[in-house]
1. For the stretch 205-383, what is the number of Lys pairs with C-alpha distance below 18 angstrom, counting only pairs 8 or more positions apart or on separate chains?
2. Given H placed 1.01 Å from N in the peptide plane, which residues other than close sequence neighbours of Thr250 have an amide H under 5 Å from its amide H?
3. Between 0 and 90 degrees, rounded to the nearest ten: what's the tilt of helix 352-363 against the longest Cα principal axis of the chain?
4. I want to check the label-to-label distance for Thr382 and Arg261. Put each point 7 Å from Cα in the C-beta direction and report it in nm to one decimal.
5. According to the Kirkwood expression over distinct Cα-Cα pairs, how big is the hydrodynamic radius of the chain, in Å?
6. Largest first and in whole Å, what are the equivalent-ellipsoid semi-axes of the stretch 75-132 based on the Cα gyration tensor, each being the root of 5 times an eigenvalue?
7. For the stretch 205-383, how big is the tail of P(r) above 26 Å, as a whole percent of Cα pairs?
8. Find, to one decimal place in angstroms, the Kirkwood hydrodynamic radius of the stretch 1-132, where the mean of 1/r is taken over every pair of different Cα atoms and then inverted.
Amino acid sequence: MKIAYVVSSLKISMTFVVNELEAHEKAGWQVLPLVSCKPGTLENLSKVMVKWNKRAVHRPGILAQIGATLREIITHPLRFAKVIFWLATLLVHSPGEFAKALYELTACCCFAGNCRRFEAEHIHVHFASRSLSLGLMMGMLTDLPVSCTVHAFDIFTRSPGSLRMRLAKCKFIASISQFNVEYLRSTCGSSVADLCRVVHCGIDADKFRSVTHQPECGRIVCVCRLSPKKGLDVAIRACAKLRDNNVKFTFEIAGDGPQRRALEELIERLHLADKVKLLGARPNDQLTELFSRASVFLMPCVKTPDGDMDGIPVAMMEAMACEVPVVSTVISGIPELVEDGVTGRLAPDKNAEALAQILQGLLGDMDTIGQFGKAGRQRVLTDFCISENAAKLRELIKN
């Protein structure tokens, strides 16, 4: 089967999308990635991420977009009129989402041509953001069914009206967690929730099979984009409490992002430069070495003032696949991966004191770290294996 994938980018934070593309290709499907941004740097990307970036069709130049739009108007006037009517309806529900969709209209016309030449049979979108508007308009121009995977910010920070009218046009909605399904039920109604099927993001468990976990006492790691919803400021404040309690530890954070400067200042203010290190972005295929020596993976996710929060971070799955127990919070779908007292520990969000107490107890108990680690790997193998979860998605697409 031939399927077009619509994504906003294929950068380092989109590992879960590339995992899915790889799994589809291994299953014999042909995939055309359509990326709504212009090509970026390939620095710090894994080999497989570089491969898919080079294969993807990125947003073309403005002249190509204008030319493609004129061709669509001339060759498919009724379908183009359908898109314009849909945009007018979107304007009534959400002027903001309308503006974003309008921006994607000319790129949509280019990508519609790519879909026809590829002979795509289905369009799948990741994130119910403007990527979904782009995918839906492509579906109208090509008369192809459209589905969408919903994650976190794309539903938690959108108005229910604009979400409802766009998600309702999908053939089905793949939700990364049951939490998301219930969230959509409460905000968008049963008609949208009934389109949802839980399809977890997943990882290639075979990649981590040969990793020998030899945890160093007190070694804490995190891999993530440096953004407020990751709760890294809370983690660093918890580290200050560990130091004050004379706990031996180091905390290494791999990643980059908008919060980097603020975190550097917090580390300096709390005099933690010898304990907490910001390592910068690391390619995904270089993370196993970091995980292999870790005692704990720490990411105390929070809900931000605008309602944004994480879904189920893929980096947690990767750590658990390497038998590293996770310490996080009871936020969003995280408890669907991390079972408190079984595969790791969950703390209340934004509570550095409670987090420090959990870390102090866990870091001093290597036997429990080993037990949690083994249980965590089994949890990933059972429910977060990309080959099985991508197969679920393919079944939904085919039916």
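1. 12
2. Under 5 Å from the amide H of Thr250: Arg219, Ile220.
3. Helix 352-363 and the main axis of the chain meet at about 70 degrees.
4. 4.6
5. Details: mean 1/r = 0.0455 Å⁻¹.
After inverting the mean inverse Cα-Cα distance, the result is 22.0 Å.
6. Numbers: eigenvalues 89, 45, 17 Å².
In descending order, the three semi-axes are 21, 15, 9 Å.
7. Details: 3226 of 15931 pairs.
The share of Cα pairs beyond 26 Å in the stretch 205-383 comes to 20 percent.
8. Details: mean 1/r = 0.0636 Å⁻¹.
Its Kirkwood hydrodynamic radius stands at 15.7 Å.
Readers should treat all values here as calculations from the given coordinates under stated rules, not as data from a laboratory. Note that the structure is a prediction, hence the values are computed from the model and not measured. Cβ atoms come from the backbone with ideal geometry, glycine included; neighbour counts cover every protein chain shown.
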